[in-house]
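The values are calculated or read from the model by the stated rules, or taken from the named source; none is laboratory data. Everything numeric in this text was worked out from a predicted model, so none of it was measured. Here the Cβ positions follow ideal geometry from the backbone for every residue, glycine too, while neighbour counts run over all protein chains shown.
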Amino acid sequence: MNNGHGLSFKRLFSRQSEAADEEPILLPREAAPAARRQEKPAFPFTAVVGQEELKLALQLCVIDPTIGGVLVMGHRGTAKSTAVRSLAALLPRLDRVANCPYNCDPEAPS
């Protein structure tokens, strides 16, 4: 099967190593995504142009978390994800209990 570039998929994805005695490097399942993920700097929140209602709603949720969140909707390319990621980059990290689906606070056991 040819992929249009002169290389076959079978050859591209073969598991044979060039050296027969070479062991593959395996990462633990938990470490693999973090090892592959490259942290890139977030776009500055103050540099988002327009979207004044979205920025105000996000800022109000930071000030008063009892609001319950913001549902962000809009067409492609309107800075929805960029605005949310840039604001999240400004917030302090929160300590949470590992493997808790409810983001449990370690200071308030339940």
Would you be able to tell me the number of residues in region 74-110 that are surrounded by 10 or more Cβ atoms within 10 Å (Cβ to Cβ) and of a type outside the set (A, V, I, L, M, F, W, C)?
-> 10
Considering (1) in contact with a Leu (Cβ under 9 Å, 6 or more places away or on another chain); (2) at pLDDT 90 or above, say which one Ala35 fails and leave the rest.
-> (2)
Cβ-Cβ below 6 Å, separation at least six or inter-chain, first residue in region 77-102 and more than 13 Å from Ala42 (Cα to Cα), second of a type in the set (Val, Ile, Thr) and part of a loop (DSSP other than H, G, I, E, B): which pairs?
-> Lys80/Val72
Under the condition of being surrounded by 10 or more Cβ atoms within 10 Å (Cβ to Cβ) and not hydrophobic (A, V, I, L, M, F, W, C), which residue from region 51-73 is modelled with the lowest pLDDT?
-> Gln51
